[in-house]
1. Can you tell which of GLY420, ASN360, PRO433 lies farthest toward the positive end of the dipole of the range 325-479, using +1 and -1 charges on the Cβ of basic and acidic side chains (Lys, Arg; Asp, Glu)?
2. Under a point-charge model restricted to the Cβ atoms of Lys and Arg (+1) and Asp and Glu (-1), what is the dipole moment magnitude of the range 307-431 relative to its Cα centre, in debye to the nearest 20?
3. Want the number for THR448 to ASP202: 0.36 nm per residue separation, take away the alpha-carbon distance, what's left?
4. Going by a 4.7 Å Cβ-Cβ cut-off, which cysteines of the chain have no partner at all?
5. So what's the gap between the Cα centers of the range 22-97 and the range 377-414, to the nearest angstrom?
6. Taking Cα pairs under 8 Å and at least six residues apart, what relative contact order does the range 80-237 come out at, in percent?
7. What is the percent carbon and sulfur in the accessible area of the chain, measuring with a 1.4 Å probe over the protein chains and ignoring ligands?
8. With every protein chain present, what is the per residue accessible area of the chain (1.4 Å probe, Å²)?
Amino acid sequence: MSSTPTTERQPVSLQSERVPHRLAYFETYGCQMNKLDSELAEQALAEAGFSSTTEVSQADLVVINTCSVRDHAEHRVLSRLGVLKPGGDQRKEGSVLALIGCMGQRQGEQLFKAAPHLDIVAGTTDFIRLPELYAGVVKDRHHRTALDLSGDFDYARDPRFRSERHRAFVSIMRGCDLHCTYCIVPTTRGPEVSVPLQTIVDEVSRLVDDGVQEVTLLGQTVNSWGKQFKGEPDLGDLLAQLDRIEGLKRTRFITSHPNFFQDRFWERVRDLRTFCPYVHVPLQHGSDRVLKRMARLYTVDKYRCMVDEARESIPDVALASDWIVGFPGETEADHQESLARMREFDFFHSYVFKYSPRPNTPSERRMADDIPRADKERRCNELLAVQTELSQKHNDALIGRTLEVLVDGESKKNPDRLSGRTRLNRAAHFERPKGRELTGKMIPVTITRVTAHSLFGEIADRPADEIRKLPVVAPDYRG
Ligand code: 5AD
Ligand code: SF4
């Protein structure tokens, strides 16, 4: 991703007039939190006189925002750094190369050994110091490292810095207090810190004033938000507050932990105008034995109770899960449990990952990575095949329905089509009408054809059906 400010702003030079106008280029790997962090870094740089470019060859500062969640994510960045060596054909002479984010936080100084041409390594909080780090490198050409995780992150966001006009990410907490044995995030992002309610409401209001219609609240366990504040507000209270913001049309939140939905959460959010009944709440595995070794803090039965409660209040709630295959010691029988639970809970969407041991995590230290690569591959494909079947079934049920689509713009595959997202987060494509600019608009689309992952339709001349009144999935989801 390369994010550009949505509004042209006059570059403000915080340095002397000897410093000419600088250009920064961003490449972002990893999750939505990283995308948001790149937008914040871009804002910090703009406040110091930079503007953004989408051409790496023009940039004075090249910023790579990185992910450590799996080995593969780190390898991609290392090979990208290889291509960005000075003297190569990609970078402007004398430009500064910065690596920020999770990989920086995890590997710190070691990265200068792997990539001696790096000038700056900054972590998941200190990336906000990029302007000062850049100025230092330009002055003496010595590299800089900034990895402090201990301070508060209370950087005031300028709503104009975001990659999409009509949607925005809003971080409601940073870090994570859990200790899932496979996960690097507690190391790279530190302990959980929630953002105060009023700060979030103000930020969302400013985003909405600037044209945002859909916000996605971000955090590692968003549904544990708020517990340290007076009166212990929870995610339901926050969603209710945001629902009052005029002009805001949709609110999403990722990622939830199955244990942390507060009492009556589903009942309380069900009738909120902006609540989108698509909830990402990863089960990770279908076997209690594996969940225990993962230290996920729940059993399948506990997850089942959460699903029952959710579906009692919102029968058509669309649930999405992450899955890990090939966790140390996973037997074929364990894997069969994952396949069975995927069907039982009738997931609307799934992300499936092959276990990747992360340095110094509990599973890496205590358990052998003993599942052969071919088995991981096969198990991954088997889960994906079941999810494809379920997604196809969910989408088939949408044929003939008129859904509200927030239009993102031209379809990537077909310039004659526009694409957007439904409330349930499915991609929907429809023919581009002549002479009407629809990007950023909510459009009713009647679904005429579906694949497992996409919906196709035509613009309707009547309002969208109220999606929650018409079940998307059969209520007897136990099958
Ligand atoms: N190996 C494979 N997948 C992982 N995830 C987190 N850590 C690992 C790992 N070491 C997956 C989890 C998480 C998602 C973001 O990435 O499923 O929910
Ligand atoms: Fe995001 Fe986790 Fe990757 Fe960090 S390691 S960028 S928190 S997915």
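1. Value computed over the given set: PRO433.
2. Details: 19 positive and 24 negative charges, 86 e Å.
Computed charge dipole of the range 307-431: roughly 420 debye.
3. Computed gain between THR448 and ASP202 is 84.5 nm.
4. Lacking a cysteine Cβ partner under 4.7 Å: CYS31, CYS67, CYS102, CYS176, CYS276, CYS305, CYS380.
5. 32 Å
6. On the way: 230 pairs, mean separation 28.7, N = 158.
The normalised contact order for the range 80-237 reaches 18 percent.
7. Values: 10490 of 21040 Å².
So the carbon and sulfur contribution to the accessible surface is 50 percent.
8. Working: 21040 Å² over 479 residues.
Result: 44 Å² per residue.
The values are calculated or read from the model by the stated rules, or taken from the named source; none is laboratory data. The model shown is predicted, which means the values in this text are computed figures rather than measured ones. So basically every Cβ, Gly included, is an ideal-geometry build from the backbone, and we count neighbours across all protein chains shown. Each accessible area value is taken on the protein alone, full model and side chains, heavy atoms only, with ligands, DNA and RNA left out. Shrake-Rupley method; radii C 1.70, N 1.55, O 1.52, S 1.80 Å.
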